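The structure appears below as structure tokens.
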Amino acid sequence: MQMSTNEQDYGQDPLAVRDTNAYKAEYVHSFVELWDQLIDWDGRAESEGDFFIRTLKEHGAKKVLDVATGTGFHSVRLLRAGFDVTSADGSPNMLAKAFENARKRDHLLRTAQADWRWLNRDIHDYYDAVICLGNSFTHLHDENDRRKALAEFYATLRHDGILILDQRNYDALLDHKVEPSHDYYYCGDNVRATPEHVDDSLARFRYEFPGEQVFHLNMFPLRKRYVQRLLREVGFQRVTTYGDFQQTYRDEEPDFFIHVAEKR
Ligand code: SAM
């Protein structure tokens, strides 16, 4: 994928773009500027409630590394709730927007530009919790990259640390069980997020904003059991999966799964 500041460029054959390195070029400045319309901070805070804050507290976490900061929604929420937060992301455009968003809300973000695959090259500290939220892990198109990223998250956790990682319910999409609604994470009223193409190794989503502005993301459709298996294989001892913030759910129902992986 070509780098440009304002327009995405998937080339002649957008469905052929299945590359872990593509994310930086996908999050062009103009898309990042609209991201908060997509995620709608107030609506999202309401639908999530205090799920993440409560889970972190239950595990005694104080020091948190947000590895997929995006525009800063969770970093800011956690700072507000009194956590010690470091905000990392591989996209400089996202980090700049997160910093600006936090400043507007009277917080100063401690940011670090870091790609997950080489996280510990840039982050030299240990954390009680790593969070990777907002369907971010899906950007890794290659199994080796997924294993490498999880191993890096694991290594930056203290011996009793936890990783909280979420994902869209791709099983339902792959198995044609549901049309994706976007009630939970992506709750902006004026934005349509629709899957344009889904196969075993690509979910290409189309994001339509008011004013006919259209962007895409090419993602890897992660199956829930596969992610659970990877988490165990890199060494996490216990993995608890929630569906839309509930522990009991029917497999085809939730929009999102949230995995809480415990190191000890
Ligand atoms: N967590 C934010 C939210 O919920 O709004 C952002 C979610 S956005 C879907 C995914 C984020 O993951 C982007 O900010 C992107 O730059 C980041 N990302 C994707 N692949 C990455 C990688 N390999 N290393 C570091 N960051 C990555």
Scanning the range 73-92 residue by residue, those more than 8 Å from the ligand (Cβ to nearest atom) and not aliphatic (A, V, I, L, M) turn out to be Ser75, Arg77, Arg80, Gly82, Phe83, Asp84, Thr86, Ser87, Pro92
Could we say that Val32 is closer than 18 Å to Glu196 by Cβ, open to solvent by less than 80 Å² (accessible area, probe 1.4 Å) and of a type in the set (A, V, I, L, M) here?
no
Modelled with pLDDT of 95 or more, surrounded by 14 or more Cβ atoms within 10 Å (Cβ to Cβ) and within 15 Å of the ligand (Cβ to nearest atom) - does that describe any residue in the range 41-61?
yes
Near the ligand (Cβ under 9 Å from one of its atoms), in contact with a helix residue (DSSP H, G or I) (Cβ under 6 Å, 6 or more places away or on another chain) and assigned to a helix (DSSP H, G or I), is that true of Asn21?
no
Name the pairs: first residue in the range 225-248 and over 16 Å from Asn135 (Cα atoms), second residue at pLDDT below 95 and surrounded by 12 or more Cβ atoms within 10 Å (Cβ to Cβ), Cβ to Cβ under 7 Å, at least 6 apart or on different chains?
Gln237/Arg264
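Condition check ((1) out of contact with any Ser or Thr (no Cβ under 9 Å at 6 or more places or on another chain); (2) at pLDDT 95 or above; (3) of a type outside the set (Asp, Glu)) across all residues:
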{"position": "Pro221", "(1), (2), (3)": "no, yes, yes"}
{"position": "Arg229", "(1), (2), (3)": "yes, yes, yes"}
{"position": "Arg232", "(1), (2), (3)": "yes, yes, yes"}
{"position": "Phe236", "(1), (2), (3)": "yes, yes, yes"}
{"position": "Asp244", "(1), (2), (3)": "no, no, no"}
{"position": "Arg250", "(1), (2), (3)": "yes, no, yes"}
{"position": "Phe256", "(1), (2), (3)": "yes, no, yes"}
{"position": "Lys263", "(1), (2), (3)": "yes, yes, yes"}
Output yes when any residue across the range 127-134 is in a loop (DSSP other than H, G, I, E, B), surrounded by fewer than 19 Cβ atoms within 10 Å (Cβ to Cβ) and either modelled with pLDDT under 90 or not hydroxyl-bearing (Ser, Thr, Tyr) (or both), and no when none is.
no
For the range 153-174, does any single residue satisfy the condition of being within 12 Å of the ligand (Cβ to nearest atom) and more than 17 Å from the chain's Cα centre (by Cα)?
no
Subset of the range 15-29 (residues that are in contact with a His (Cβ under 7 Å, 6 or more places away or on another chain) and either open to solvent by less than 80 Å² (accessible area, probe 1.4 Å) or of a type in the set (Val, Ile, Thr) (or both))
Leu15, Asp19, Thr20, Tyr23
Right, Asn218: in contact (Cβ under 8 Å) with a residue 60 or more places away in the chain, outside any loop (DSSP other than H, G, I, E, B) and in contact with a strand residue (DSSP E or B) (Cβ under 8 Å, 6 or more places away or on another chain) or not?
yes
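The values are calculated or read from the model by the stated rules, or taken from the named source; none is laboratory data. All of these numbers come straight from a predicted model, not from anything done at the bench. Methodologically, a virtual Cβ is constructed for each residue, glycine included, from the backbone with ideal geometry; neighbour enumeration extends over all protein chains shown. Each accessible area value is taken on the protein alone, full model and side chains, heavy atoms only, with ligands, DNA and RNA left out. Shrake-Rupley method; radii C 1.70, N 1.55, O 1.52, S 1.80 Å.
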